[in-house]
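Enquirer: After the structure tokens below, expect a handful of questions from me.
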Amino acid sequence: MIETTNKTKLFGILGTPIAHTLSPAMHSFMAEQNKIDMAYLAFDVPPEKLGDTMRGVKAIGACGFNITAPHKICVMDYLDHICPEAQHMNSVNTVVNRNGVWHGFNTDGNGYCESLLLEGHEIKNKNILMMGAGGSARSLAFTLAKSGAKSISITSRSMEKIHIIGEMVEHYTETIFYDTLDKAKDYDIVINTTPVGMHGAGDSGNPCGFMDLIHENMVCSDIIYNPKETVFLKEAKKRGARIHNGLGMLVLQGILAFELFCEISLDHKRTYEQLMHLFDYYRI
């Protein structure tokens, strides 16, 4: 357990762009609820400044950070130990300082899958199509595969990246690679893992160039949470699909990260409901 003293513990989130993040509000709420003396700040860190930033936070004795795009892979170069699951994913979203040893974890995949299940969407035996093959896609694909997905299909501009994901999950599920989509396959869940549609980063775009595949028996999911309904989700809803945005993933990966930061266990369902109510109250 991280002891609470008169010295406030410094945590935060590193990424770019970062102005939209809800992580400070979320972690501050959990700290208050659990009586932990924590300051949690957002730091806009361009890729060329990541090394300097990591050296700086280590020098001032920071306690840990969440890592968001585009640093989930590169940050591993600055860590002392990476947990086996994050190492297998080759992606880190949570960094914890434990007595001067910097540890890397990944809570994205487990947070995403838990959010699907809490909102009533099954994973086991489902055919899943993922758009994008970056750091977030790696963690989601790995956890979805281990959670019993029947197949995971991946579309991306980078065949190299999707083959990396394929090799990572091939022991757990059938993996299909696409440079052009097989429109004959019937998918149960379609997930956008790209930043297309995010507020301030091309929010008017739709990453899905095959909306004719979307139907009412499908779940369409976006890991973006700002805006709540991306263009992709709006178009999917028009076609009768059930939609799932990234707010639940944000909340649950944050709960898991907070547990790692503070070495405590939380009631996930209760904390999830509290945070979703908080964000709804502030119309986030």
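Enquirer: Go through the range 11-24 and report how many residues are open to solvent by 20 Å² or more (accessible area, probe 1.4 Å) and assigned to a helix (DSSP H, G or I).
Expert: Count: 1.
Enquirer: While we're looking at this one, here's another question. Being within 17 Å of Thr21 (Cβ to Cβ) and of a type outside the set (Ser, Thr, Tyr) is the filter; apply it to the range 224-240 and report the residue that is most open to solvent (accessible area, probe 1.4 Å).
Expert: Lys228
Enquirer: Give just the number: which of (1) more than 30 Å from Lys228 (Cβ to Cβ); (2) open to solvent by 50 Å² or more (accessible area, probe 1.4 Å); (3) modelled with pLDDT of 95 or more does Lys7 not satisfy?
Expert: (3)
Enquirer: Taking the range 70-119, which residues are closer than 15 Å to Leu250 by Cα, open to solvent by 60 Å² or more (accessible area, probe 1.4 Å) and within 15 Å of the chain's Cα centre (by Cα)?
Expert: Asn110
Enquirer: Considering only the range 66-85, how many residues are at pLDDT 95 or above and among the polar types (S, T, N, Q)?
Expert: Residues that pass the stated criteria total 1.
Enquirer: Could you tell me whether any residue of the range 192-204 is surrounded by fewer than 17 Cβ atoms within 10 Å (Cβ to Cβ), more than 19 Å from the chain's Cα centre (by Cα) and modelled with pLDDT of 85 or more?
Expert: No: zero hits.
Enquirer: If I go through the range 203-228 residue by residue, how many of them are in contact with a strand residue (DSSP E or B) (Cβ under 7 Å, 6 or more places away or on another chain) and of a type in the set (Asp, Glu)?
Expert: The number of residues fulfilling the criteria is 1.
Enquirer: Check whether at least one residue in the range 95-102 is of a type outside the set (Gly, Ala, Ser) and in contact with a Ser or Thr (Cβ under 9 Å, 6 or more places away or on another chain), and report yes or no.
Expert: At the first step, the residues of the range 95-102 found to be of a type outside the set (Gly, Ala, Ser) are 95-99, 101-102.
Narrowing the set further to residues that are in contact with a Ser or Thr (Cβ under 9 Å, 6 or more places away or on another chain) leaves none.
Looking for residues that are of a type outside the set (Gly, Ala, Ser) and in contact with a Ser or Thr (Cβ under 9 Å, 6 or more places away or on another chain), one finds none in the range 95-102, hence no.
Enquirer: Please work out which residue is surrounded by the fewest Cβ atoms within 10 Å (Cβ to Cβ), limiting yourself to the range 246-264 and to residues that are in contact with a helix residue (DSSP H, G or I) (Cβ under 6 Å, 6 or more places away or on another chain) and not hydrophobic (A, V, I, L, M, F, W, C). Walk me through how you get there before you give the answer.
Expert: Applying the first criterion (in contact with a helix residue (DSSP H, G or I) (Cβ under 6 Å, 6 or more places away or on another chain)) to the range 246-264 yields 248-249, 251-256, 258.
Subsequent filtering for residues that are not hydrophobic (A, V, I, L, M, F, W, C) retains 248, 253-254.
Working: Gly248: 23, Gln253: 27, Gly254: 26.
Result: Gly248.
Enquirer: Pairs needed: first member in the range 140-165, open to solvent by 30 Å² or more (accessible area, probe 1.4 Å); second member anywhere, assigned to a helix (DSSP H, G or I) and not small (Gly, Ala, Ser); C-beta distance under 7 Å; at least 6 residues apart or different chains.
Expert: Every condition considered, the pairs that remain are Ser147/Cys113; Ser156/Ile162.
Enquirer: Give, as residue ranges, the strands (runs of 3 or more DSSP E) completely inside the range 25-134 that count at least 1 residues that are without any contact (Cβ under 8 Å) to a residue 12 or more places away in the chain.
Expert: Details: elements: 38-44, 64-67, 94-98, 101-105, 127-131.
Of the strands (runs of 3 or more DSSP E) lying wholly inside the range 25-134, those with at least 1 residues that are without any contact (Cβ under 8 Å) to a residue 12 or more places away in the chain span 94-98.
Enquirer: Residues of the range 202-234 being out of contact with any Asp or Glu (no Cβ under 9 Å at 6 or more places or on another chain) and under 29 Å from Glu273 (Cβ atoms), which ones?
Expert: If the condition is that a residue be out of contact with any Asp or Glu (no Cβ under 9 Å at 6 or more places or on another chain) and under 29 Å from Glu273 (Cβ atoms), then Asp203, Glu216, Ser221, Tyr225, Lys228, Lys234 are the ones that fit.
Enquirer: I'd like the residue in the range 120-137 that is more than 12 Å from the chain's Cα centre (by Cα) and of a type in the set (S, T, N, Q) and, out of all such residues, is least open to solvent (accessible area, probe 1.4 Å).
Expert: Restricting attention to the range 120-137, the residues satisfying the condition of being more than 12 Å from the chain's Cα centre (by Cα) are 120-133.
Okay, now just the ones that are also of a type in the set (S, T, N, Q), so 125, 127.
Details: Asn125: 107, Asn127: 24 Å².
Applying the filter and picking the extreme gives Asn127.
The values are calculated or read from the model by the stated rules, or taken from the named source; none is laboratory data. Predicted, not measured: the structure shown is a model, and the values here were computed from it. No Cβ is skipped: glycine too gets one built from the backbone with ideal geometry, and neighbour counts run over all protein chains shown. In case anyone asks, the SASA skips ligands and DNA or RNA and just uses the protein heavy atoms, side chains included. Shrake-Rupley method; radii C 1.70, N 1.55, O 1.52, S 1.80 Å.
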